[in-house]
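Student: Take this structure first; my questions come after.
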Amino acid sequence: MRLAVGLSGGADSVALLCALAQHSRELGLVLHAAHLHHGLRGEEADSDLEFCRDLAARLQIPFHEARVDTAAEARANPGSTAAGLGPRGGNPATGKPAESIEEAARRLRYAWFRELLSTAPLDAVATAHTLDDQAETVLAKFLRGAWTEGLSGIHPKLERPAAMGCIIRPLLATARAEVEAFLNAIGQPWREDSSNKQLSFTRNRIRHELLPQLELWNPQLRTHLANMATLARDEESWWQAELDRLAPQLILRGRPVRGGGRATSEGVALDCTRLAGLAPALERRLLRRAAAELGAEPDFAATEALLSLALSGHAGQRLELANGLSAERTPREIRLSRGSHPKSKSAGAGPKSKTAEAPLETSVPGQIDAPAFGLTLKIDLHGVKPLSGPTTATLRNWRSGDRVRLRYSSGPRKVKEVLEQLRVTGSERAVWPVLEFDGRLIWMQGVELEPEPGLIVTARPLDPQPDV
């Protein structure tokens, strides 16, 4: 097996690399080391890189390295789930909170690991997460109000599609104290990351303040939290298999039509009578699965509101939830849909359905207002002279055969496959917007593409028309 160890220079990753190197022959391993310089901490990070490079050379292990600008990436990508315990402001085009340095660093690290697995002769990447990391993660997830899947914490193995390698965590059952004892026993030094002591980071506050206080109540708390992750992971695995079996029977596509059957339309539905006969745990999970099929992740309060609408609501009652998720109660069903539903004083006004639109063009630099998508796209030039070639960009619906290059991907991907990964379904999928320039797709809603040199594309919600 060809295995790369994610090597930061810290005690955990150094111990993992050294332990595997000692037993590589009996384990049948061909070891590599992989270090990502995050562009943070200046000379300290440069010294970490040198330390890791020297360690790999001493162990006679191939060394992979790369550099990224994490701070710039965090500023440019304010659209992922918050890593902290509260909102930090966000991206108005997505409604999601801003990305933290911790988040950006993790995203970039795993993107690079995936790139290595796609381009280097590797079968897997090993990260050195320990039992302590697991305990900190589970506690952080609990404080944010995570569901069972969140309390499952760090998984021992991250599966990827066949022949694309995987990411493993061999030290999840090993305490950090055991790691340091092993390194001291073999006389192997390691690097200390000064940022691990900065209490501005959520994980560091949990590690240095909260966990030590809680351990005064129960010294075995870290082990108990790690055990909780194992239990939650197994429970979640069972539930997912059960939902895979039941969801096709209970989650309905489209709307019922006179004479039987259902018409193809945006959204999904559940029969409220059938839903009411199930256990509460299954009711909640089915509603969340239905929302997930529309790309939404309702929190506990939103899920309870959906459940109340389904079990005790009346026909015609509606809910407008976060991130564009809407629910409507009919005499028999609760129907979920996703999209913008602006308020209107007209009694007959309702949400506008997306339909295929004629392509919208703009000069570059320039701006496109697209009411059908509820978006304004702005295309700017950055650090280049005025264009001498094509000067027009086109916003259009994606077409069969379209391909995009995702950031840090090894090659172009079919838009159809990307939409399947995003779980975009129904009529929304048929008209998903992309931006074409000079024969290439340089923007696609909901994903981060490889930057186009000299061009910056920004998206924001289209300013609503005032009520009249």
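The values are calculated or read from the model by the stated rules, or taken from the named source; none is laboratory data. Treat the numbers as computed from the prediction; the structure is a model and nothing was measured. Note: ideal-geometry Cβ built from the backbone for every residue, glycine included; neighbour counts use all protein chains shown.
Student: In region 5-14, is there at least one residue being more than 21 Å from Arg107 (Cα to Cα) and either buried (at least 19 other Cβ atoms within 10 Å of the Cβ) or touching a strand residue (DSSP E or B) at 6+ places or on another chain (Cβ under 9 Å) (or both)?
Tutor: Quick first cut of region 5-14, residues more than 21 Å from Arg107 (Cα to Cα) only: 11, 14.
Next, only the ones that are either buried (at least 19 other Cβ atoms within 10 Å of the Cβ) or touching a strand residue (DSSP E or B) at 6+ places or on another chain (Cβ under 9 Å) (or both) stay: 11, 14.
Yes, some residue in region 5-14 is more than 21 Å from Arg107 (Cα to Cα) and either buried (at least 19 other Cβ atoms within 10 Å of the Cβ) or touching a strand residue (DSSP E or B) at 6+ places or on another chain (Cβ under 9 Å) (or both).
Student: Then there's this: Identify, please: which residue in region 83-136 is surrounded by fewer than 22 Cβ atoms within 10 Å (Cβ to Cβ) and among the β-branched types (Val, Ile, Thr) and is, among those, modelled with the lowest pLDDT?
Tutor: It comes out as Thr94.
Student: When you check Glu44 against the structure, is it in contact with a helix residue (DSSP H, G or I) (Cβ under 9 Å, 6 or more places away or on another chain) and among the acidic types (Asp, Glu), yes or no? Steps first, please.
Tutor: Working: in contact with a helix residue (DSSP H, G or I) (Cβ under 9 Å, 6 or more places away or on another chain): yes; among the acidic types (Asp, Glu): yes.
Taking the combined requirement at face value, the residue satisfies it.
Student: Do we have Ser152 as over 27 Å from the mean Cα position of the chain (by Cα), assigned by TED's automatic domain parsing to the domain that holds Ser24 and not hydrophobic (A, V, I, L, M, F, W, C) here?
Tutor: No, not satisfied.
Student: For Leu211, state whether it is buried (at least 16 other Cβ atoms within 10 Å of the Cβ) and assigned by TED's automatic domain parsing to the domain that holds Ala19.
Tutor: On the way: buried (at least 16 other Cβ atoms within 10 Å of the Cβ): yes; assigned by TED's automatic domain parsing to the domain that holds Ala19: yes.
Yes, satisfied.
Student: Out of region 19-44, which residues are surrounded by fewer than 18 Cβ atoms within 10 Å (Cβ to Cβ) and in a helix (DSSP H, G or I)?
Tutor: Correct list: Gln22, Ser24, Arg25, Glu26, Leu27, Gly42, Glu43, Glu44.
Student: OK, next. List every residue pair whose Cβ atoms sit under 8 Å apart, with the two residues 6 or more apart in sequence or on different chains, where the first one lies in region 193-207 and is in contact (Cβ under 8 Å) with a residue 12 or more places away in the chain and among the small types (Gly, Ala, Ser) and the second, anywhere, is surrounded by 17 or more Cβ atoms within 10 Å (Cβ to Cβ) and in a loop (DSSP other than H, G, I, E, B).
Tutor: Ser195/Phe201
Student: Further, regarding this structure: For His155, work out the one condition from (1) surrounded by fewer than 17 Cβ atoms within 10 Å (Cβ to Cβ); (2) over 28 Å from Leu214 (Cβ atoms); (3) touching a residue at least 40 places away in the same chain (Cβ under 8 Å); (4) not acidic (Asp, Glu) it doesn't fulfil.
Tutor: Among (1) surrounded by fewer than 17 Cβ atoms within 10 Å (Cβ to Cβ); (2) over 28 Å from Leu214 (Cβ atoms); (3) touching a residue at least 40 places away in the same chain (Cβ under 8 Å); (4) not acidic (Asp, Glu), His155 violates only (2).
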